[in-house]
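Below is one structure, written out as structure tokens; the observations come after it.
The values are calculated or read from the model by the stated rules, or taken from the named source; none is laboratory data. Keep in mind that what you see is a predicted model, and the values were worked out from it rather than measured. Virtual Cβ from ideal backbone geometry, glycine too; neighbours counted across all protein chains shown. In case anyone asks, the SASA skips ligands and DNA or RNA and just uses the protein heavy atoms, side chains included. Shrake-Rupley method; radii C 1.70, N 1.55, O 1.52, S 1.80 Å.
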Amino acid sequence: MAKPEFDIVIIGGGAGGLVVAAGGAALGAKVALVEKHKLGGDCLWYGCVPSKTLLKSARIAHQMRHAERWSLSPSDPRPDLARVMDRVAAVIKGIEPNDSPERFRGLGVDVMFGDGRFVAPDAFEVNGRRLTARTFVIATGSRPTVPRLPGIDRTPYLTNETVFDLREPVPALIVIGAGPIGSEMAQAFRRLGSEVTVVDVAPQILPREDPDLAAVVMKQLAAEGVRYFLGASILGFEGRAGDVRVTVRTADGTPKVLAGSHLLLAAGRTANVEGLGLDAADVRVENGRIVLVEGLRTTNRSVYVIGDALGGHLFTHVAEHHAGIVLRNALFWMRWAQPSTIIPWCTYTDPELARVGLSETEAKKSGVAFSVYRFGFDDIDRARAEGETEGFAKIITDRKGKLLGAAIAGPHAGELIAEYALALSKGLRAKDLSTVIHAYPTLAQINRRVADQRLKEGLTPASKRWIQRIFGLRGART
Ligand SMILES: Cc1cc2nc3c(=O)[nH]c(=O)nc-3n(C[C@H](O)[C@H](O)[C@H](O)COP(=O)(O)OP(=O)(O)OC[C@H]3O[C@@H](n4cnc5c(N)ncnc54)[C@H](O)[C@@H]3O)c2cc1C
């Protein structure tokens, strides 16, 4: 059999594919990268980067309006969406060179643009060129799911792929979906001056999260004026540019017509696995998802799938983590290297909601014996100084205090959760967090204080009495 031309051929140059390409080339592998559109993927062009940039401008606008919270004179920033979106575009442009074809070609990667397909289990064809490789990596990402509901094909709608192109005012936005993307966009547009209505079939926002944590976010968004129709089913869409209507059946069964100027679909993601010739490659797909045999390997031993194309946890850091696993599996034959199950994530609303490991809801369902501890930001001095006391941290432990999960709804939750990601990945106990010195006054103190709750619980009246007896303490009179 002829020697394959490449060590690795990657299909899709987004968050995951680019890490495989750069890592593979740095390790001396011969790498080809095939991209259908432009390098950078969702994260750079239509996802993390534009959404977080938009949220920042929205947050500043909100703080200006509510400056009295910090004893300053409030002012109305009168946001101009076109200018704000120009800033979004500028931030993307600033990051783009990191993901440019020139950079990757400079690293030694053979970058090709085109819409190719597998033509055999060991060959991918693009622009008439047949690429053979020892390892193929499918990193084609995902796209917004368009709900197949009456009228959607006749109604103008936005998705994450078009919303950041907006330059006209958005007087009234209807958002379909109250997950992370829908919630972030709802708050951003509301703070930038739009009327915002959110519709979801789920009974709560951020349905993956515990209801008490999601409620912290929803309380804030509702207070800012976001209108919610939760537990609602959509009966149909109609309208034209600047005038859209969504007919819903509300949670109590009442039909209602919602009117807006713009419609944003944020109702889930679909993996990009079609049109790749996966049949020819002997890669099995079931219910729209590529079947895994071991780790990230598909039914074809030489073909891996990573990131959003795999489904599950749709995050940039997961796609990047998968990339590292594939490099170890494919180049060093480290078959034991498997994707981690400890995945932190964050929804970047204000307040943020971050989580790692088991939620309380999941712990209940799993039947494992567990305990829950909470601590509020209102008792964290730094949060008081910042004027951001909403929310709380929660940890789930087993009966011996070993951490099973942690979640934080509050300021900078996405940064704070990192400590718990490390703690979980090292199998630590709550007391390990309690004994670590946390700088004062930081928000990170909440990580220790919530862990302290378990220590305190361990102090039963009987153990207190023993301590008093041993050390001759007099104890407080009650
Ligand atoms: C609005 C929004 C906000 C988000 N915010 C965050 C966040 O804050 N944090 C976070 O971690 N994640 C966030 N995400 C998710 C994150 O963007 C994705 O998880 C991440 O981009 C997945 O990386 P990937 O490599 O799997 O796919 P992508 O980065 O999307 O890359 C896939 C690439 O494959 C290409 N491609 C597709 N089909 C083909 C084909 N047939 N042939 C060749 N190339 C093809 C695409 O053009 C694309 O370049 C957000 C997503 C959205 C939509």
Radius 10 Å from Cβ of VAL285, net charge of other residues (Lys, Arg +1; Asp, Glu -1): -1
Could you work out how much longer the chain between VAL146 and ARG83 gets when fully extended? Use 0.36 nm per residue separation minus the Cα distance between them, nm to one decimal. 19.8 nm
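Just to confirm a number: summing +1 for Lys and Arg and -1 for Asp and Glu over residues other than SER425 whose beta-carbon lies under 15 angstrom from that of SER425, what do you get?
Values: positive: ARG355, LYS402, LYS426, ARG429; negative: GLU419, ASP432.
Charge balance near SER425 sits at +2.
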At 10 °C and a viscosity of 1.306 mPa s, what translational diffusion coefficient does Stokes-Einstein give for the stretch 291-395, taking Rh as the Kirkwood radius over Cα pairs? Give it in µm²/s as a whole number. 95
From the residues GLN468, ALA451, PRO441, which one has its Cα farthest along the dipole of the stretch 434-478 in the positive direction, the dipole being from +1 and -1 charges on Cβ of Lys/Arg and Asp/Glu about the Cα centre? GLN468
Give the distance, in whole Å, between the Cα centre of the stretch 64-108 and the Cα centre of the stretch 215-245. 26
In deg cm²/dmol, rounded to the nearest 500, the helical mean residue ellipticity at 222 nm of the chain, built from -39500 (n - 2.57) for every DSSP H run of length 4 or more, is -10000 deg cm²/dmol
With every protein chain kept in place and ligands, DNA and RNA left out, what is the accessible area per residue of the chain? Probe 1.4 Å, answer in Å². 48
Carbon-plus-sulfur fraction of the accessible area of the stretch 1-40, 1.4 Å probe, in percent? 58
What share of all Cα pairs of the chain, in percent, falls into each consecutive 10 Å distance bin? 4, 17, 24, 25, 19, 7, 3, 1, 0
Here the gain from full extension of SER425 to THR341, 0.36 nm per residue of separation minus their alpha-carbon distance, amounts to 29.4 nm
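In nm, what is the difference between 0.36 nm times the number of residues separating ASP115 and GLU102 and their Cα-Cα distance?
Details: separation 13, 0.36 × 13 = 4.68 nm, distance 1.98 nm.
Extra length from ASP115 to GLU102 when fully extended: 2.7 nm.
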For LYS30, go through the lysines and keep the ones whose alpha-carbon is under 24 Å away, minus same-chain ones fewer than eight residues off. LYS3, LYS38
Can you tell me which aspartates and glutamates have their Cα less than 17 Å from the Cα of LYS93? Leave out same-chain residues fewer than eight positions away. ASP42, GLU102, GLU161, ASP165
Options PHE164, ALA430, ALA82, ranked by Cα towards positive dipole end of the chain, top entry (Cβ charges): ALA430
Longest segment of the chain with no chymotrypsin sites (Phe, Trp or Tyr not before Pro) in a DSSP loop having at most 13 other Cβ atoms within 10 Å? 1-332
Any number yet on Rg/Rh for the stretch 205-310, C-alpha, Kirkwood? 1.14
